[in-house]
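See below for the structure under consideration.
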Number of protein chains: 2
Amino acid sequence: MKLLVSTLFFALGSLHAQDPLPSWNDNAPKKAIIAFVEKVTKEGSPDFVLPNERIATFDNDGTLWAEQPIYFQFAFAIDRVKALAPQHPEWKTKEPFASFLRGDIKAALAGGEKGLLEMMAATHTGMTVEEFSKIVMDWITTAKHPKTGRLYTEMVYQPMIELLAYLRTNGFKTFIVSGGGIEFMRPWTEKVYGIPPEQVVGSSGKLKFEMRDGKPVLVKLPEVQFVDDKQGKPIGIETFIGRRPIAAFGNSDGDQQMLEWTQGDGGARLMMLVHHTDAEREWAYDRKSSIGKLDKAWDEAVAKGWTVVSMKDDWATIFPPTK
Amino acid sequence: MKLLVSTLFFALGSLHAQDPLPSWNDNAPKKAIIAFVEKVTKEGSPDFVLPNERIATFDNDGTLWAEQPIYFQFAFAIDRVKALAPQHPEWKTKEPFASFLRGDIKAALAGGEKGLLEMMAATHTGMTVEEFSKIVMDWITTAKHPKTGRLYTEMVYQPMIELLAYLRTNGFKTFIVSGGGIEFMRPWTEKVYGIPPEQVVGSSGKLKFEMRDGKPVLVKLPEVQFVDDKQGKPIGIETFIGRRPIAAFGNSDGDQQMLEWTQGDGGARLMMLVHHTDAEREWAYDRKSSIGKLDKAWDEAVAKGWTVVSMKDDWATIFPPTK
C-alpha cells in the first residue's frame, strides 16, 4: 500500500510537472494560451512563427504585479519624500509635499497634476542613473505593502510568472511595455520576472552625460523623454523593439492600443486582458477605478474576441508563496 | 605522399576552423580581443563577467560597414529624392532638391543643415513604418555603391562580422549603437550582422499611432525624437539597453562618449576604434574628414589605452567575398 501511494504521488507529481501553467484553472483563458502557443510553434503549420519573431509584450502594473491601493512606484515616491524631507524643510508647508508628509494622500492628490510632477521630479531626478538604481534596490528589497505586509516583488502574479516562463520555453522573447518608469523597473525585473533590462520598455526622462572628476556619469533630468502609455505603447514597441508583438497582455485602458497594434497585422495573435475580479484574494475594480481603469478596452475585448481573464475564476493562485 | 598531403590539409583546415578571427592579422588588436574575451569568460577569474552582463555595442557607419564617399543612408535619401521627384515638380527649382536632382551633391550640401533636414523629412517621413521598411528593403537589396559596384550590405567589414560572431559564441549580446536612423537599419541588420531589430539603437523620429479603416498604423512624423550620436550614445545605451557595455567599438569622434562610458566603471573592458588607413582596399581618412572624423577620440585612445585598429595593417580582408 505504501508503495502504491508513493507511486501514485510520483505519477501525480509528474503530471503536475508537465502542466506549464499549474496556477491557471482549466478554463478558456488557459486553453487559449496553450492553443495559441502550440499553433505558432508547430513547424509546417500555416500559423507557424519563426522563433526570432515570437515577441510577447506585457504591461507591468496590474498585469504582472498588483497596483492597489496606489501604483507601487507612487508608494516608492512617497517614501522618498519622507526620506528626503530633512533636507527640504520648505516641504513642511509646500504642497503636495506637506500632505504626503502628514500621510494624507487624498489631500496631496487633490492638488492636481502639476504638484505630482514636481514630486516625481524631486524624487526621481537630480542624481546619476547608478545612484537612482541603488535607491530603487534599497527600497524594493525592504519596503512592505500596507495591506499584505509582503515585499512589493512578492505581489507579482504567480500565473503570469508561469506564463512568462512557458512562453520563453517556447522560444518567445518576453518584454515589459509599461507606463511605469524604465529606471524604476530595470534594477529588479531580471530577478523577479526573468526579463533583462534591455527587454524593459517604459516611460523615461531625459538624461545628461557629463564628466565628474574624469569619470563619466549620466544624470537624470526633470524633463520627460517619453511616455509609454496608451498610444505611447505601440510607439514604444516600435521604437525600442522594432518588431510587432504576436502576443500582448494588459489589464487596463492604457493597454488598449498595444493590443490593437498586436492584433492589427493578422495571423495567429493572442491579446489578453487581466480583469481584477477578486476582492478577497486581491482587489476587484474595472470601469470606475482611478487606477487601472478597464472600460473601453473591455468593450473592445468583447467586440474583437480578445481573451479576458477573471482573476477570481481563472487563477488558482494569485501571489507566489512567500519565502 | 598523397595521404600525407591530405592529412596536412585536413590539419590546416582544422586549425583554420579553430581561429575565430581569420580575417584579423596576428597583431596587437586581435590579441587584445582574444585576451579580453578569455578573461571575462573564465569562471573564477577576478575579471569574470556573467553572460547576461556581457553587453557589446558597435557603431555602424565606418565601424561595421563603410561610410564613404557619403553615409549610405544619405545615398539612400538622394535616391529617394530622385524616385519621388515626379510627384514634386517644385523640387526642380527648390534647393537642396534641385542640386540633388542634377547630381551636384556638393552644391546641395552647401545650402546648410536646414535644407538637408528638409530633404531627410521628405524622404524618411509621412509614411507608415511598414511602408518605410519596404522602401528600405527595396533599396538595400538593389542599390549599388558607386565605387565598388557592390550592394551596400556587401560593404560590411568581414573582420567585424567575425568579431560579432566570436563575441556571441562567447555569450555576449551584440548591439548596434549608431547615429544612423533606427528604422533604416532594422530591416536588414539581422540578416547581415546577426543583430535583431530589438538590439539596434539609433536615431529616431517621432511616431503617431492612428486607425486607418479600422487598422492601426504608426506614421513617421518629421520631428526628431532622439539623436544617437556623441553624448547621445551613452544616453541611448542607458535608455534602450539599461546596462553598461563591457566592450564598445567605434571609428570616429561620434563614438568617443560611448567608449568613455564603457571604460568608466572599471573592470576588464575593451574599447576599440577602427582607423581607416587603407586607401587602396577601402579609404584612408581621419582628423580632417568631414565624414567619420577621427580626431579627439584618437587622442583619447592614445591617452587611455584604447585599442586602435589599422585597417591596412591589422585586417587581412576588408569586405566579404561577393556571392
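The values are calculated or read from the model by the stated rules, or taken from the named source; none is laboratory data. Remember, it's a predicted structure, so these values are computed and weren't measured experimentally. Counting neighbours? That spans all protein chains shown, and the Cβs are built from the backbone with ideal geometry, glycine included. Side chains included, ligands, DNA and RNA excluded: accessible areas come from the protein's heavy atoms. Shrake-Rupley method; radii C 1.70, N 1.55, O 1.52, S 1.80 Å.
Take the residues of the range B:167-190 that are assigned to a strand (DSSP E or B) and touching a Ser or Thr at 6+ places or on another chain (Cβ under 9 Å): which is nearest to the other protein chains (Cβ to nearest Cβ)? Give the steps one after another, and end with the answer.
We begin by selecting, within the range B:167-190, every residue assigned to a strand (DSSP E or B); these are B:173-181.
Filter once more, so that each one left must be touching a Ser or Thr at 6+ places or on another chain (Cβ under 9 Å): B:174-181.
Numbers: B:T174: 12, B:F175: 8, B:I176: 11, B:V177: 12, B:S178: 13, B:G179: 15, B:G180: 13, B:G181: 12 Å.
For the range B:167-190, the residue satisfying everything is B:F175.
For the range A:198-243, which positions are of a type in the set (V, I, T) and within 27 Å of B:N52 (Cβ to Cβ)? Steps first, answer last, please.
Of all residues in the range A:198-243, those of a type in the set (V, I, T) come to A:200-201, A:217, A:219, A:224, A:227, A:235, A:237, A:239, A:241.
Listed by number, the residues that qualify are A:V200, A:V201, A:V217, A:V219, A:I237, A:T239, A:I241.
Collect the residues in the range B:191-233 that are part of a helix (DSSP H, G or I) and either at the interface with chain A (Cβ under 8 Å from one of its Cβ atoms) or not hydroxyl-bearing (S, T, Y) (or both), keeping them in residue-number order. Don't jump to the end; show me each part of the working.
At the first step, the residues of the range B:191-233 found to be part of a helix (DSSP H, G or I) are B:191-193, B:197-199, B:232-233.
B:K191, B:V192, B:P197, B:E198, B:Q199, B:G232, B:K233, listed by residue number.
Go over the candidates B:A279, B:A303 one by one and state the one that is without any contact (Cβ under 8 Å) to a residue 60 or more places away in the chain, within 14 Å of chain A (Cβ to nearest Cβ), of a type in the set (A, V, I, L, M) and open to solvent by 20 Å² or more (accessible area, probe 1.4 Å). Steps first, please.
Numbers: B:A279 fails: within 14 Å of chain A (Cβ to nearest Cβ).
The conditions single out B:A303.
Under the condition of being part of a loop (DSSP other than H, G, I, E, B) and free of Cβ contacts under 8 Å to residues at least 12 places away in the same chain, which residue from the range A:89-112 is surrounded by the fewest Cβ atoms within 10 Å (Cβ to Cβ)? Give the derivation first.
Initially, the range A:89-112 is screened for residues part of a loop (DSSP other than H, G, I, E, B), giving A:93-96, A:103-104, A:111-112.
Within this subset, residues satisfying the condition of being free of Cβ contacts under 8 Å to residues at least 12 places away in the same chain are A:93-94, A:103-104, A:112.
Working: A:T93: 8, A:K94: 14, A:G103: 10, A:D104: 13, A:G112: 10.
By that ranking, first place goes to A:T93.
For every residue, the table says whether it meets (1) surrounded by fewer than 20 Cβ atoms within 10 Å (Cβ to Cβ); (2) touching a helix residue (DSSP H, G or I) at 6+ places or on another chain (Cβ under 8 Å); (3) within 25 Å of A:V177 (Cα to Cα).
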site: A:N27; (1), (2), (3): yes, yes, no
site: A:K31; (1), (2), (3): yes, no, yes
site: A:I34; (1), (2), (3): yes, no, yes
site: A:D47; (1), (2), (3): yes, yes, yes
site: A:L50; (1), (2), (3): yes, no, yes
site: A:D59; (1), (2), (3): no, yes, yes
site: A:A66; (1), (2), (3): no, yes, yes
site: A:P69; (1), (2), (3): yes, no, yes
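Quick one: what pairs do we get from the range B:249-261, first residue within 14 Å of chain A (Cβ to nearest Cβ), second among the acidic types (D, E) and buried (at least 24 other Cβ atoms within 10 Å of the Cβ), C-beta under 8 Å, 6+ apart or different chains?
Cβ pairs passing all conditions: B:G254/B:D59; B:D255/B:D59; B:M258/B:D59.
So which residues in the range A:189-205 are open to solvent by less than 30 Å² (accessible area, probe 1.4 Å), aliphatic (A, V, I, L, M) and more than 21 Å from A:T125 (Cα to Cα)?
Within the range A:189-205, A:I195 is the sole residue that qualifies.
Give the range B:239-285 a look and list any residue that's among the small types (G, A, S), over 15 Å from B:N60 (Cα atoms) and part of a strand (DSSP E or B), or say none. Lay out the reasoning, then the answer.
Going through the range B:239-285, the residues among the small types (G, A, S) turn out to be B:242, B:247-248, B:250, B:252, B:254, B:264, B:266-268, B:279, B:284.
Checking the rest, the ones that are also over 15 Å from B:N60 (Cα atoms) come to B:242, B:264, B:266-268, B:279, B:284.
Correct list: B:A284 only.
Taking the conditions exactly as written (open to solvent by less than 20 Å² (accessible area, probe 1.4 Å), among the small types (G, A, S) and either more than 14 Å from chain B (Cβ to nearest Cβ) or at negative phi (or both)), does A:G236 satisfy them or not?
Yes.
Would you mind finding the one in B:T148, B:T142 that is within 26 Å of B:V309 (Cβ to Cβ) and assigned to a loop (DSSP other than H, G, I, E, B)?
On the way: B:T142 fails: within 26 Å of B:V309 (Cβ to Cβ).
That would be B:T148, the only listed residue that is within 26 Å of B:V309 (Cβ to Cβ) and assigned to a loop (DSSP other than H, G, I, E, B).
Among the residues of the range A:121-145, what is the count of those that are open to solvent by 50 Å² or more (accessible area, probe 1.4 Å) and within 19 Å of the chain's Cα centre (by Cα)?
Step one: of the range A:121-145, the residues open to solvent by 50 Å² or more (accessible area, probe 1.4 Å) are A:126, A:130-131, A:134, A:137-138, A:141-142, A:144.
Narrowing further to those that are within 19 Å of the chain's Cα centre (by Cα): A:137, A:141, A:144.
So the count comes out to 3.
Please work out if B:F76 is open to solvent by less than 20 Å² (accessible area, probe 1.4 Å), within 29 Å of B:F319 (Cα to Cα) and not polar (S, T, N, Q). So that I can check it myself, show each step before the final result.
Details: open to solvent by less than 20 Å² (accessible area, probe 1.4 Å): yes; within 29 Å of B:F319 (Cα to Cα): yes; not polar (S, T, N, Q): yes.
Answer is yes for this residue.
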